[in-house]
Amino acid sequence: MTHTLQMTRRTMLTGAAVAGALTPIIMSTAARADEEVASADVVRNPGSAVDLSKIARERIELVKPPFVHAHTQKAEGGPKIKEFTLTIKEKKMVLDKDGTEINAMTFNGSVPGPLMVVHQNDYVELTLVNPDTNTMQHNIDFHAATGGLGGGALTVVNPGESTVLRFKATKAGVFVYHCAPPGMVPWHVTSGMNGAIMVLPREGLTDGRGKPIVYDKVYYVGEQDFYVPRDAEGKFKKFGSPGEAYEETIAVMKTLLPTHIVFNGAVGALTGENAMTSKVGETVLIVHSQANRDTRPHLIGGHGEYVWATGKFLNVPDTDQETWFIPGGTAGAAIYTFQQPGIYAYVNHNLIEAFELGAAAHFKVTGDWNDDLMTSIRAPSAT
């Protein structure tokens with residue numbers, strides 16, 4: 001008799017096979033929410049009601065990382081209701097040149113999910129869609145949100161369902177979001193179901209001392225740890241569905257030893273033809289998230305001129321950093337103005353994770369070389 005856990009549609013929807021500590025919290029909060037749903041135009045806070053019927057709405061189309069949708073760096077006018085849609089997609093993804101597969105769970109089909117950008121005190125109104133072609137229950141937890149497990153308690157959707165969540169973005173910074181279904185949180189997060197939201201100060205970024213910081217480009221790098229089971233010969237296994245892979249994947253996860261640590265869903269996803277681009281003199285904002293493990297971003301040949309390692313923009317940024325530390329479950333941000341052309345490697349400076357497991361990307365920078373900053377006095381030769 002096989003001991004492999006056969007996860008049926010029913011067990012995956014209920015989470016019965018992997019019941020966890022958050023289950024009663026999510027379920028009880030969701031039940032109360034059903035009884036206390038606010039109207040479409042009124043948010044009820046303790047002792048007050050805020051009428052949102054006259055606040056402007058803006059519908060935003062999200063784009064696939066590392067790119068970020070168009071936005072203003074300074075807020076224009078008062079707070080707005082920013083409308084987004086995330087569609088959950090369960091799909092197979094290839095992680096490396098050897099064809100290693102994972103049954104990924106994604107927001108909008110990408111790992112990481114898209115970066116959303118709003119301004120402090122805007123309202124985020126998210127439509128979360130779980131198509132009936134999926135097999136599992138999902139939800140979303142915004143680290144930027146206040147209450148209800150970051151929205152996780154209010155957004156549990158089975159296949160064929162959708163929901164709409166609204167929250168006020170009261171804190172400025174970059175924040176992780178991720179799936180957190182009852183009993184299955186780490187499995188969904190390490191299967192790719194995470195992303196980030198950037199809440200800009202209404203006046204835009206500053207150095208913390210009044211000097212404005214303006215960027216020409218922004219890129220979003222989502223670092224992801226994967227845990228792929230191996231067969232008796234040490235080769236990576238392939239499975240027909242997430243449910244089939246579940247038990248063996250959990251066993252690998254419990255070792256705390258990832259088989260792959262990648263940027264944007266696969267080894268080499270941001271290198272070669274897919275390298276991020278810039279020009280000498282351009283200022284780039286790099287948003288970097290890791291929903292599960294600590295990481296240490298480093299730009300080889302450049303620096304973090306301004307760094308919010310834990311991503312919170314009202315804190316004074318660190319300056320001129322060589323490497324910065326982003327704790328697991330956090331998004332960070334760094335600013336750099338490129339000064340020399342060439343290929344810059346952007347890596348997790350745990351170099352084993354960068355060069356052996358895949359946590360590396362490239363910036364391809366064009367422009368004129370500045371000999372004052374660096375020059376070759378004598379080319380390598382025999383002595």
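The values are calculated or read from the model by the stated rules, or taken from the named source; none is laboratory data. None of the values given here were measured: they were computed from a predicted structure. So basically every Cβ, Gly included, is an ideal-geometry build from the backbone, and we count neighbours across all protein chains shown. With ligands, DNA and RNA removed, areas are computed over all heavy atoms of the protein, side chains included. Shrake-Rupley method; radii C 1.70, N 1.55, O 1.52, S 1.80 Å.
Could you give the length gained on full extension between Thr87 and Thr323, defined as 0.36 nm per residue of separation minus the Cα-Cα distance, in nm?
81.5 nm
Just the accessible area per residue of the chain, please: how many Å² with a 1.4 Å probe?
I get 46 Å² per residue for the chain.
Under the rule a/c < 1.5 gives rounded, and otherwise a/b versus b/c splits prolate from oblate, where does the chain land using the Cα gyration tensor? If you can, show how the numbers build up before the last one.
On the way: a/c = 2.34, a/b = 1.17, b/c = 2.00.
Taking the square roots of the gyration eigenvalues as a ≥ b ≥ c, the chain is oblate.
How large are Rg and Dmax for the range 254-295 when calculated on the C-alpha trace, in angstrom?
13.9, 46
For the range 141-285, what class follows from the C-alpha gyration tensor (a ≥ b ≥ c being the square roots of its eigenvalues): rounded when a/c is under 1.5, otherwise prolate if a/b is larger than b/c, else oblate?
oblate
Can you give the relative contact order of the range 291-383 as a percent, counting alpha carbon pairs under 8 Å and 6+ residues apart?
28
Using Cα springs under 10 Å in a Gaussian network model of the chain, which residue among Lys279, Lys211, Lys64 shows the largest mean-square fluctuation?
Highest fluctuation among the options: Lys211.
So, R0 is 25 Å and r is the distance between the beta-carbons of Ile343 and Asp372; what FRET efficiency does that work out to, to 0.05? Mind dumping the intermediate values first?
Numbers: r = 21 Å, r/R0 = 0.83.
The pair Ile343/Asp372 has a calculated efficiency of 0.75.
Got a number for carbon plus sulfur as a percent of the chain's accessible area, 1.4 Å probe?
53
Tally Lys and Arg at +1 and Asp and Glu at -1 over the other residues with C-beta under 15 Å from the C-beta of Phe363: what net charge comes out?
Details: positive: Lys217, Lys279, Lys364; negative: Asp216, Glu273, Glu282, Glu305.
Net charge in that neighbourhood comes out at -1.
Could the peptides 94-100, 361-367 be put in order, highest first, of the mean number of other beta-carbon atoms found within 10 Å of their residues?
Highest mean packing first, the order is 361-367, 94-100.
Distance in nm between label sites at Ile55 and Val316, each 7 Å beyond Cα in the beta-carbon direction?
3.3
If R0 is 56 Å, what FRET efficiency do you get for Glu76 and Ser381 from their C-beta distance, rounded to 0.05?
Values: r = 58 Å, r/R0 = 1.04.
Given R0 = 56 Å and the Cβ-Cβ separation, E is 0.45.
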